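Values in this text are rule-based calculations from the coordinates and carry no lab data. Given the structure is predicted, the values throughout are model-derived calculations rather than measurements. In this analysis, Cβ positions are derived from the backbone assuming ideal geometry, glycine residues included, and neighbour counts consider all displayed protein chains.
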Amino acid sequence: MVHDPLGPVAYLAEVLNDLAKTIDQRVGDDPSTSWTAKLLMGGPPLTAKKLGEEGVEAALAIASQGDAEVAKEAADVIYHLLVALRSRGVTLDQVAKVLEERQGKSGIAEKAGRES
């Protein structure tokens, strides 16, 4: 485990922020040399497809593989989620706001509120 004086949540936030910046920098790059640029050129249909594929791989790893493989698949899901969000123009701040609004609410109650 990586020891970080900021704690695991702050460390993850820092890594996600850096990754999001890198993804932003890849916009318009040559898709023959950048996987991120290639995904972004495909737009939401391609990024959604790749996110779905990675989600299935992560679920399968969680069900039957070791922790190292689960961590790798989770990283793939997070990367592809960030690329998909960028392809739609949805920011991490928008996602954080939704998560913040849900904080302290029962997941069952929150879900019921979406259905009405």
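Sorted ascending by nearby beta carbons within 10 Å, beginning with the fewest, 85, 16 become 16, 85.
Stokes-Einstein diffusion of the chain at 37 °C, 0.692 mPa s viscosity, Kirkwood radius from Cα pairs, rounded to a whole number: 204 µm²/s.
If R0 equals 30 Å, the separation of the Cβ atoms of residue 29 and residue 94 corresponds to a calculated FRET efficiency of about 0.80.
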